[in-house]
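All remarks here apply to the structure that follows.
Please treat every number below as a calculation from the coordinates, not as lab data. Quick caveat, the model's predicted, so the values are computed rather than measured. Note that each Cβ is placed from the backbone with ideal geometry, even for glycine, and that neighbours are counted across all protein chains shown.
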Amino acid sequence: MTKGIYNTVVLEDLQALRQAKGYSIHMVAEMLNISVDSYLELEYSVREASDQEMNMLDRIFSE
């Protein structure tokens, strides 16, 4: 994936991105420095990611 690709992906695809990388929910929550519950809110589109979270997600899935 190229840098910045996450910003073009809708949050509904977050689960697919996470699974493709082989990351657990707990791993991504820890990388984002948020609770598992907060991460699940993002993955299930209960809330929108903050700018900081979007930047971190971009880094996580661009590696």
For GLU41 and ALA16, extending 7 Å from Cα along the Cα-Cβ vector and measuring point to point gives, in nm, a value of 2.5
Within a Cβ distance under 15 Å of SER35, other residues only, what is the Lys/Arg minus Asp/Glu net charge?
-4
Convert each backbone phi in the range 23-36 into a coupling constant with the Karplus relation 6.51 cos²θ - 1.76 cosθ + 1.60 (shift: θ = phi - 60°), then list the ³J(HN,Hα) values in order as whole Hz, x for Gly and Pro.
8, 7, 4, 4, 4, 5, 4, 5, 4, 7, 6, 10, 6, 4
In the range 17-53, the trypsin sites (Lys or Arg not before Pro) that sit in a DSSP loop and have at most 16 other Cβ atoms within 10 Å of their own Cβ are ARG47
